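Step one of this worksheet: look at the structure below.
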Amino acid sequence: PMEVLSTEVLYNNPKKFYNTGFKIIISMMDAVPNKAHFIIAEMEKRGFIDLVVTQNIDGLHYKAGSKNVYEVHGTSRTFSCDSCGEVYDTEVIARRVNAAEIPPKCRCRGIIRPDVVLFGDMLPDCFNESIKKVEESELLIVIGSSLTVSPVNYLAEICNKLMIINIGENFYENKSDLIIKENISSALERIVELI
């Protein structure tokens, strides 16, 4: 994935990108939120969570009903023209790619690319915004992450208090104020009951 999901392959070998990388991106189109996504959305609705910052590109937080979501690695839900910025639904682009339009082109003749942060891309502005929000927050809850991916793991470095919900090992366990090593949905259900 690191090779085919890169800007270098997208622009220099679009056939390879659309034969392999594109399939990885669209494989998430039918994904459905799990219980944890719905609990997080409910916690946001009730005012317990101000912001969801996610590295996932699957859009499941939105599908579950969360409103304030920063997708710091982009989204697989849409594609955009790299020239004029026109936005296209992923299903539309999938049909065009299946009809052998590689790479898909916009009306302006620009290349239509995924709104996913590819290797070689800069992170979107929402990452810098998330830094500000985390610095101002009372608590950062890290859910289901080992915090090994940079620079997003930096958020755990700058937060005031850190809570980790993750069955596996976590790079920031020694900095964490609370660690819950159990099923995410079960842990979130108990937290909601308590609050």
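The values are calculated or read from the model by the stated rules, or taken from the named source; none is laboratory data. Because the structure is a prediction, the values reported are computed rather than measured. No Cβ is skipped: glycine too gets one built from the backbone with ideal geometry, and neighbour counts run over all protein chains shown. Accessible surface areas use protein heavy atoms only, side chains included; no ligands, DNA or RNA. Shrake-Rupley method; radii C 1.70, N 1.55, O 1.52, S 1.80 Å.
See the values below:
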{"quantity": "Scan of the range 28-48 for residues that are over 30 Å from Pro104 (Cα atoms) and either surrounded by fewer than 16 Cβ atoms within 10 Å (Cβ to Cβ) or in contact (Cβ under 8 Å) with a residue 40 or more places away in the chain (or both), ordered by number", "calculated": "Asn34, Lys35, Ala36, Ile39, Ile40, Glu42, Met43, Lys45, Arg46, Gly47, Phe48"}
{"quantity": "Filter result for Arg77 (touching a residue at least 24 places away in the same chain (Cβ under 8 Å), in a strand (DSSP E or B) and either open to solvent by less than 30 Å² (accessible area, probe 1.4 Å) or under 24 Å from His37 (Cα atoms) (or both))", "calculated": "yes"}
{"quantity": "From Phe38, Phe22, Phe127, residue being farther than 23 Å from Ile184 by Cα and in contact with a helix residue (DSSP H, G or I) (Cβ under 8 Å, 6 or more places away or on another chain)", "calculated": "Phe22"}
{"quantity": "Pair list, Cβ < 7 Å and 6+ apart or interchain, from the range 8-27 residues that are open to solvent by less than 80 Å² (accessible area, probe 1.4 Å) to residues that are part of a helix (DSSP H, G or I) and among the β-branched types (Val, Ile, Thr)", "calculated": "Lys16/Val9; Phe17/Val9; Tyr18/Val97; Gly21/Val9; Phe22/Val97; Ile26/Thr90"}
{"quantity": "Pairs where the first residue, in the range 138-154, is on the phi > 0 side of the Ramachandran plot and the second is aromatic (Phe, Trp, Tyr) and crowded, with 17+ Cβ neighbours inside 10 Å, C-beta under 6 Å, 6+ apart", "calculated": "Leu147/Tyr172"}
{"quantity": "Test: Arg190 is over 22 Å from the mean Cα position of the chain (by Cα), surrounded by fewer than 13 Cβ atoms within 10 Å (Cβ to Cβ) and either touching a residue at least 40 places away in the same chain (Cβ under 8 Å) or not in a loop (DSSP other than H, G, I, E, B) (or both)", "calculated": "yes"}
{"quantity": "Hey, Ser66 within 30 Å of Cys106 (Cα to Cα), buried (at least 20 other Cβ atoms within 10 Å of the Cβ) and either under 17 Å from the mean Cα position of the chain (by Cα) or touching a residue at least 60 places away in the same chain (Cβ under 8 Å) (or both) or not", "calculated": "no"}
{"quantity": "In the range 120-175, residue farthest from Met2 (Cα to Cα) [restricted to those that are in a loop (DSSP other than H, G, I, E, B) and open to solvent by less than 30 Å² (accessible area, probe 1.4 Å)]", "calculated": "Cys159"}
{"quantity": "Among residues of the range 80-112, those that are in a strand (DSSP E or B) and either in contact with a strand residue (DSSP E or B) (Cβ under 6 Å, 6 or more places away or on another chain) or open to solvent by 70 Å² or more (accessible area, probe 1.4 Å) (or both), counted", "calculated": "6"}
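Residues checked against (1) under 22 Å from Tyr154 (Cβ atoms); (2) β-branched (Val, Ile, Thr); (3) touching a Cys at 6+ places or on another chain (Cβ under 9 Å):
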| site | (1), (2), (3) |
| --- | --- |
| Gln55 | yes, no, no |
| Ala64 | no, no, no |
| Cys81 | no, no, yes |
| Val97 | no, yes, no |
| Ala100 | no, no, no |
| Cys108 | no, no, yes |
| Arg113 | no, no, yes |
| Val117 | yes, yes, no |
